[in-house]
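Since the structure comes first, as structure tokens, the remarks are kept for the end.
The values are calculated or read from the model by the stated rules, or taken from the named source; none is laboratory data. Worth saying up front: this structure is predicted, and the values here are computed from it rather than measured. Cβ placement follows ideal geometry from the backbone for every residue including glycine, while neighbour counts extend to all protein chains displayed. Just so you know, the surface numbers come from the protein's heavy atoms only, side chains and all, with ligands and any DNA or RNA stripped out. Shrake-Rupley method; radii C 1.70, N 1.55, O 1.52, S 1.80 Å.
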Amino acid sequence: MESCIFCKIVNGTIPSYTVYEDDQVLAFLDITQVTKGHTLIIPKQHVEDVFSLSDELASTIFRQVPAIANKLNATFHPIGLNIINNNKEPLQSVFHYHIHLIPRYENDGFTLSFHSTSPSQEELKSTLDEILNEQVLT
Ligand code: AMP
Ligand code: ZN
């Protein structure tokens, strides 16, 4: 896709710092380095987000995640690693599917906070019913 910045990285029009590459997958350093080693994994094919990702392409991309995570782990010895994927505005800013691998360090300033709630069993059952009654996966 002509206007897509990640397609431009794939076809070499703009530079990137390549961590891993094969026929279908590219991993490169995120230009903003939320933490040291922050890496993006993308399909070379332009796919906007998880909702338009085929099963085959999902498996092709995701099968590279453990090896790249292990490479970052062995290199930087973080205390842990977050895997994040943003889909749709306003969460997503580049509309070419990508997985963030973010190594974590003591006092790294990165905040990912889950606002917990305490639903009753009935509320959980009702939420589950809503999902199971949706026909899209069946
Ligand atoms: P998201 O907000 O999940 O869509 O993340 C998009 C990410 O792409 C951001 O973390 C940006 O820093 C990163 N990014 C944008 N342009 C480039 C680029 N030219 N090279 C590497 N990373 C980039
Ligand atoms: Zn693209």
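Observations
- Span from the the range 21-57 Cα centroid across to the the range 74-111 one, whole angstrom: 12
- Excluding same-chain neighbours fewer than eight residues apart, the aspartates and glutamates reachable from Lys71 by a Cα-Cα span under 18 Å are Glu21, Asp22, Asp30.
- In plain terms, the bigger the Kirkwood radius, the slower the diffusion; for the range 5-133, with that radius from Cα pairs, at 37 °C and 0.692 mPa s, Stokes-Einstein puts D at 200 µm²/s.
- Highest average packing first - 120-133, 57-70, Cβ atoms within 10 Å: 57-70, 120-133
- Listed peptides 15-22, 112-119 by packing density, highest first (mean Cβ within 10 Å): 15-22, 112-119
- Straight Cα distances below 19 angstrom link Lys125 to the aspartates and glutamates Glu134, with same-chain residues fewer than 8 positions distant left out.
- Spatially proximal lysines relative to Lys8 (Cα-Cα < 25 Å; intrachain offsets below 8 disregarded): Lys36, Lys44, Lys88
- Potential lengthening between Gln24 and Ser126 on full extension [0.36 nm per residue; Cα-Cα distance subtracted]: 32.7 nm
- Fraction of C-alpha pairs exceeding 12 angstrom in the range 6-50: 60 percent, rounded to a whole number.
- Accessible area of the chain belonging to carbon and sulfur atoms, whole % at 1.4 Å probe: 54
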